[in-house]
Amino acid sequence: MELDSKIPPGPIAEKWTRFRSTVPLVAPQNKRRLEVIVVGTGLAGASAAASLGELGYHVKCFTFHDSPRRAHSIAAQGGINAAKNYANDGDSIFRLFYDTIKGGDYRAREANVHRMAEVSVNIIDQCVAQGVPFAREYGGLLENRSFGGVQVSRTFYARGQTGQQLLLGAYSALSRQISLGSVKMYNRHEMMDLVLVDGKARGIIVRNLVTGKLERFGAHAVILATGGYGNVYYLSTNAMGSNVSAAWKAVKRGALMANPCFTQIHPTCIPVSGDYQSKLTLMSESLRNDGRVWVPKKMEDVHAIREKKKKATDIPEEDRDYYLERMYPSFGNLVPRDVASRAAKKVCDEGRGVNATGLAVYLDFASAIERFGKSQANVKGIQNPDAATIRKLGEAVISEKYGNLFEMYEKIVGEDPYKTPMMIYPAIHYTMGGLWVDYNLETNIPGLFALGECNFSDHGANRLGASALMQGLADGYFVIPYTIGTFLSKEIRTPATDTASPEFDKVEKDVRDRIDHLLSVQGKQSVESLHRQLGKIMWDHCGMARNREGLEQARIQIRQLRDTFWKEVYVPGKALEFNPELDKANRVADFMELGEMLVVDALDRNESCGGHFREEYQDSEGEALRRDDLYAYVSAWAWNDSNMELTKEALKFENVELKSRSYK
Amino acid sequence: MKLTLKVWRQADPQAKGRFETFSVNANEHMSFLEMFDVLNEELLAEKKEPIAFDHDCREGICGACSMVINGQAHGPLGGTTTCQLHMRHFKDGDIIVVEPFRASAFPVIKDLVVDRSSFDRIIQAGGFISVNTGQAPDGNAIPVERDKAGAAFDAAACIGCGACVAACPNASAMLFTAAKVSHLALLPQGQIERKTRVKNMVNQMDIEGFGKCSNTYACEAECPKEISVDYIARMNREYFAAVIAGE
Ligand SMILES: Cc1cc2nc3c(=O)[nH]c(=O)nc-3n(C[C@H](O)[C@H](O)[C@H](O)COP(=O)(O)OP(=O)(O)OC[C@H]3O[C@@H](n4cnc5c(N)ncnc54)[C@H](O)[C@@H]3O)c2cc1C
Ligand code: SF4
Ligand code: FES
């Protein structure tokens with residue numbers, strides 16, 4: 001198969017402008033005749049559905065949640081990037097583009113990334129106009145902070161709830177279109193499969209999760225904005241319901257999955273506490289602005305801490321190893337996520353982890369509290385403040401910046417992070433891989449588009465903090481409204497899709513058969529326990545560090561587990577009712593297949609880059625060894641049960657020089 | 001710790017519900033929902049039907065979880081959603097009664113799962129600023145006072161869980177609606193539609209069958225985001241101003 005990325009000609013900074021002025025348009029009266037299905041109401045889906053509705057298309061929008069506002073985007077904490085350069089610290093569209101390409105370890109497509117950087121500035125304007133209450137300076141202007149992997153402050157935020165506020169903005173725009181009748185919203189409706197007619201995406205089969213009934217919906221084009229697949233690892237920071245099924249069904253119908261092995265491990269999550277654990281909680285990366293990461297230098301201190309004979313605060317300064325500052329002096333605690341995660345693994349592998357399981361490091365705010373306290377005392381004109389006053393003032397500053405995160409930590413762990421350092425450990429957080437899309441965000445199936453985390457397009461092998469929200473909203477508000485015209489302008493004479501056609505019959509039957517199969521197994525293992533087993537295989541062999549032997553083993557184990565699943569799974573209840581176990585079973589069955597593809601991709605990529613660290617490929621200091629001569633490509637996989645097929649899209653770098661990433 | 005749970009079971013919206021008693025072994029580090037996971041795994045092992053409940057983020061932000069625990073929406077701990085409540089706040093031998101969020105505008109779907117789409121319809125009635133994509137001026141074109149932005153944020157922090165409705169003896173949706181009205185009324189961007197917004201949203205609240213507010217303040221006490229009842233007073237002022245101006 002040949003992949004055409006459809007990158008427009010011209011210099012990088014002009015591609016998008018030229019594209020917009022030459023893209024075929026759909027006249028308003030024709031838009032009214034065209035129907036678009038949008039699956040997903042996260043930042044990408046809600047913004048797309050609202051914007052397409054505003055333009056006059058007939059939109060049908062679906063979510064498995066009980067309300068569009070509950071999409072997983074709601075949980076994003078830290079912020080959203082934009083090249084506004086309000087901080088006047090040298091930021092620019094090119095720099096955001098450059099940082100994203102470099103941060104992604106040179107495995108993303110230049111043209112897409114540049115476009116995202118260009119529209120980033122419009123996103124902030126749009127959100128402010130919607131009433132998103134971003135943080136502001138005393139003068140009333142928007143405030144910024146910095147995030148990992150960059151040296152400018154370009155992150156806009158709304159306390160620790162940026163995703164919530166941005167999603168509520170998009171949800172309000174969507175709600176307005178619903179009230180105007182241009183978007184019809186279907187809550188608690190889960191897409192079960194994709195329907196192709198004459199090779200084009202023309203509809204979906206949906207399960208009404210309340211009644212269990214299967215329903216058919218047709219349209220001229222289908223947009224998936226269904227989020228990432230991090231839950232293939234079972235334990236992740238993703239919401240419990242996040243799943244790959246919509247994208248996976250597209251793959252089973254011929255779409256390609258790109259770079260599935262590029263998964264992101266976030267360095268600052270609350271460590272695992274027991275085997276009943278259902279998910280992991282992220283402590284926003286923004287904390288690394290002010291928190292310092294360390295473990296004890298001496299093993300005797302490590303043991304004393306684990307045996308609770310010593311507390312973190314008992315360890316004197318000179319016996320602490322602030323290892324990120326030591327290893328990466330120029331970026332320090334703000335190195336990119338993959339680098340920070342591997343460093344945490346390294347010190348824990350050395351035996352210096354600070355909790356009972358040995359899998360935790362400290363994130364310490366004592367210095368920041370002192371620094372802020374002194375500066376506040378100064379501002380308030382307090383002469384020679386005592387330590388208690390400094391602490392109090394400093395804690396107040398920290399509380400204003402991160403209050404909700406500190407509360408969340410205390411609720412979960414039961415310790416006060418103002419008094420004692422947080423304990424953190426890396427966890428699966430985000431998936432850079434996803435459906436292969438071209439410049440138009442169209443998959444290789446004509447008429448099927450993918451937006452947001454469910455595509456692969458912008459983050460290469462590692463995503464920078466605060467860039468997922470940017471990408472989701474770029475795709476939904478500013479890209480798809482234009483690029484969908486490349487497809488729909490050719491469909492203005494196509495009549496409404498007939499959902500009584502044999503194509504719909506066939507796909508609906510496939511869905512029904514699979515549900516019946518799941519219910520008929522009546523085995524002995526719960527869906528949850530099978531999912532947990534899959535997660536363990538994935539994390540052990542395809543997590544922070546990977547090697548050929550482990551991956552080969554994992555592939556065999558996943559296959560066996562998939563067999564076990566179909567022989568042993570127990571799904572209670574009936575098809576035609578509200579049945580959350582059945583919903584879960586449907587999703588986990590897909591993870592069993594995706595997991596294998598992820599491992600196959602990791603095996604193919606004989607290099608280390610970004611979130612994909614192959615132990616065989618590291619330099620003498622343990623840093624990732626990229627192999628640009630052999631692997632500067634996007635791997636796009638077609639599913640085939642016996643032999644997955646790889647197509648490569650070569651990546652061309654015309655505007656940035658390929659360098660080995662250094663944050664030292 | 002060994003606990004006794006009395007949980008509301010209801011097969012579907014029409015069915016008559018009843019309490020069912022279970023005993024479960026929990027440990028103090030578990031969250032309340034993880035304790036339910038453990039119970040459900042046990043039920044599945046006995047080929048019994050697990051208890052249905054809504055949940056997703058398990059971080060207190062999506063607003064999906066919704067249990068009334070010993071008579072309190074989201075349980076005994078202030079400012080906390082059900083998913084963030086940990087078992088260290090209970091003790092061995094406790095009897096815990098768990099019910100859904102009850103209100104006629106929140107019909108039960110199954111067990112502890114209710115239909116809160118009435119909240120979506122209140123937002124659709126006016127909880128937005130009418131600005132199409134691409135029309136916005138520069139983000140810094142209109143400065144917003146820091147404190148005002150902060151107050152708007154406090155109101156915007158509502159997660160749409162419906163605990164305020166469940167807590168209210170009249171099942172009123174005033175706190176939820178007031179939070180959204182205040183969020184937008186506090187910002188310069190929200191001024192143009194200020195009057196129509198509050199009228200339409202209050203009107204929709206009545207259409208959905210939510211009750212009137214009788215100032216018991218139970219909503220504020222059980223709101224996991226500690227949204228202040230001051231916003232209700234603000235909405236009342238906004239509403240009367242809008243109605244008078246409209247006449
Ligand atoms: C804890 C946490 C914190 C984060 N913080 C940040 C941050 O500070 N900055 C940042 O930039 N990024 C952050 N991220 C990443 C970012 O939040 C996500 O990548 C992004 O929100 C994904 O948005 P989305 O619209 O692509 O998908 P989602 O928000 O996941 O939405 C998916 C939607 O698809 C629907 N859906 C899925 N499958 C189906 C189906 N089969 N049928 C019907 N509907 C379906 C769901 O109901 C949902 O509406 C964070 C992520 C996590 C986990
Ligand atoms: S006001 Fe509070 S209780 Fe009511 S929906 Fe919002 S967050 Fe929930
Ligand atoms: S599960 Fe999201 S708020 Fe409780």
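The values are calculated or read from the model by the stated rules, or taken from the named source; none is laboratory data. Quick caveat: nothing in here was measured; it's all calculated off a predicted structure. Neighbour counts are summed over all protein chains in view; Cβ atoms, including those assigned to glycine, are modelled from backbone coordinates with ideal geometry. Heads up: the accessible areas ignore ligands, DNA and RNA and are worked out on the full protein's heavy atoms, side chains in. Shrake-Rupley method; radii C 1.70, N 1.55, O 1.52, S 1.80 Å.
Each of A:Leu324, A:Ala304, A:Gly381 was placed along the dipole of the range A:267-428 (beta-carbon charges, centred on the mean Cα), and the one lying farthest toward the positive end is A:Leu324. Pairs spanning more than 24 Å between alpha-carbon atoms, out of A:Lys298/A:Lys345; A:Lys31/B:Lys199; A:Lys574/B:Lys47; B:Lys2/B:Lys48; A:Lys60/A:Lys490: A:Lys31/B:Lys199. Label-to-label distance, A:Asp416 versus A:Ser489, with points set 7 angstrom from Cα along the beta-carbon direction: 6.4 nm. Using only the alpha-carbon atoms, how far is helix A:366-379 inclined from the longest principal axis of chain A? Give it as 0 to 90 degrees, nearest 10. That works out to roughly 80 degrees.
Across all Cα pairs in the range B:155-216, the calculated P(r) in 5 Å bins from zero up to the longest distance comes to 4, 19, 26, 24, 18, 8, 2 percent per bin.
Exposure check, 1.4 Å probe, all protein chains in place: A:Lys309 carries approximately 150 Å² of accessible surface. Spatial offset of the range A:178-224 relative to the range B:163-177 amounts to 33 Å, using the alpha carbon center of each. For chain A, the residue among A:Val183, A:Asn547, A:Gly414 whose Cα projects farthest onto the positive side of the dipole built from Cβ charges is A:Val183. Expressed to the nearest 5 percent, the antiparallel share of DSSP beta bridges inside chain B is 80 percent. What you get for the protein assembly as shown, charging only the Cβ of Lys and Arg (+1) and of Asp and Glu (-1), is a dipole of about 1280 debye around the Cα centre. When the listed pairs A:Lys411/B:Lys148; A:Lys102/B:Lys180; A:Lys200/A:Lys659 are checked against a 32 Å cut-off, the alpha-carbon distance exceeds it for A:Lys102/B:Lys180; A:Lys200/A:Lys659. Farthest toward the positive end of the dipole of chain A, out of A:His114, A:Ser501, A:Gly460, is the Cα of A:Ser501, where the dipole comes from beta carbon charges about the Cα centre.
Each Lys or Arg adds one and each Asp or Glu takes one away; over the other residues whose Cβ falls under 9 Å from the Cβ of A:His531, this sums to +2. Given the options B:Cys223, B:Cys168, B:Cys62, which has the most mean-square fluctuation in a GNM of chain B, springs set between C-alpha atoms less than 10 angstrom apart? Its mean-square fluctuation being the largest, the pick is B:Cys62. Within the accessible area of the range A:284-324, the carbon and sulfur atoms contribute 48%, probe 1.4 Å, all protein chains present.
Averaging sequence separations of C-alpha pairs under 8 Å and six or more residues apart, then dividing by the length of chain A, give the relative contact order as a whole percent. Answer for chain A is 21 percent. Computed from protein heavy atoms with a 1.4 Å probe, the total accessible area buried between B and A is close to 6000 Å².
Taking a straight Cα-Cα cut-off under 18 Å and skipping sequence neighbours fewer than 8 places away in the same chain, the lysines within cross-link reach of A:Lys380 are A:Lys392. Placing +1 on the Cβ of every Lys and Arg and -1 on the Cβ of every Asp and Glu, with no other charges, gives the range A:273-375 a dipole of roughly 120 debye about its Cα centre.
Based on protein heavy atoms only, the protein assembly as shown ends up with 35 Å² per residue of surface accessible to a 1.4 Å probe. Please compute the Cα-Cα pair-distance distribution of chain B with 5 Å bins starting at 0, giving whole percents from short to long. The percentages, shortest bin first, are 1, 6, 12, 16, 17, 14, 11, 8, 6, 4, 3, 1, 0. Give me the Debye-computed log₁₀ of I(q)/I(0) at q = 0.05, 0.06 Å⁻¹ for the protein assembly as shown, equal point scatterers on Cα only, no solvent, two decimals. Calculated log10 I(q)/I(0) at the listed q: -0.26, -0.38.
In the range A:134-282, Cα pairs under 8 Å separated by at least six residues give a relative contact order of 13 percent.
Taking each DSSP H run with n ≥ 4 as -39500 (n - 2.57) and averaging over every residue of chain A yields -12500 deg cm²/dmol at 222 nm. Across peptide A:67-75, the average count of Cβ atoms from other chains found within 10 Å of a residue's Cβ is 6. Over the Cα atoms of the range B:1-128, Rg to Rh with Kirkwood Rh, two decimal places? Using only Cα positions, Rg/Rh for the range B:1-128 is 0.98.
Only beta bridges with both residues in the range B:2-110 are counted; by DSSP, about 75 percent of them are antiparallel. Note on the protein assembly as shown: antiparallel DSSP beta bridges, both residues inside, total approximately 70 percent of the bridges counted. For the range B:2-110, the dipole from Cβ point charges (+1 on Lys and Arg, -1 on Asp and Glu) about the Cα centre works out to 380 debye, to the nearest 20. For the range A:230-319, the set of GluC sites (Glu not before Pro) satisfying both a DSSP loop assignment and a count of at most 10 other C-beta atoms within 10 Å is given as A:Glu307. Measuring nothing but protein heavy atoms, the accessible surface of chain B at 1.4 Å probe radius is 50 percent carbon and sulfur.
Helix A:387-413 and the long axis of chain A differ in direction by around 40°, with both axes built from C-alpha atoms.
Here the relative contact order of chain B, from alpha carbon pairs under 8 Å that lie six or more residues apart, stands at 20 percent. Between the helical axis of A:502-521 and the longest alpha-carbon principal axis of chain A there is an angle of about 50 degrees.
Put simply, the amide H of A:Glu615, placed in the peptide plane, has neighbours under 5 Å in A:Arg546, A:Asn547, leaving out anything fewer than 5 places away on its chain.
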